[in-house]
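S.K.: Could you have a look at this structure, given as structure tokens, before my questions?
What follows draws every value from the coordinates through simple rules; no lab data is involved. This structure is a prediction, so every number in the text was calculated from the model and none was measured. Note: ideal-geometry Cβ built from the backbone for every residue, glycine included; neighbour counts use all protein chains shown.
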Amino acid sequence: MFRRLDDALTPAPVVGLTVDGTRIEARAGDLLAAALLAAGRGLCRTTPVSGAPRAPYCMMGVCFECLVTVDGMGSRQACLVPVREGMVVETQRGARVPGR
């Protein structure tokens with residue numbers, strides 16, 4: 001569904017990260033939400049009350065729909081976190097557990 005318009009024009013180094021136990025690749029300089037969408041992984045979290053799935057929406061840090069756990073730290077906005085080699089990302093399910 002999502003693809004880059006300028007892949008051939010501006011090649012960038014590739015970094016590897018793990019999302020829910022599966023390795024994906026992203027371009028260096030990508031923000032995590034964009035990398036997830038480009039990899040076909042739209043779901044970032046589920047809501048605490050109903051468990052409804054949520055995905056990146058505003059892509060600029062306003063809506064909080066793209067909350068994920070990054071390297072053990074919960075409730076990170078994927079649209080504001082740059083990808084880096086070895087990053088471990090987990091889909092956030094329900095309410096955040098304090099201390100995580």
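S.K.: Please enumerate the residues belonging to the stretch 47-75 that are touching a residue at least 12 places away in the same chain (Cβ under 8 Å) and not in a loop (DSSP other than H, G, I, E, B).
M.R.: Listed by number, the residues that qualify are 54, 67, 68, 69, 70, 73, 74, 75.
S.K.: Among all residue pairs at least 6 apart or on different chains, which show Cβ distances below 6 Å where the first residue, located in the stretch 22-44, is more than 17 Å from residue 60 (Cβ to Cβ) and in contact (Cβ under 8 Å) with a residue 60 or more places away in the chain and the second is part of a strand (DSSP E or B) and of a type outside the set (S, T, N, Q)?
M.R.: Within 6 Å, no pair qualifies.
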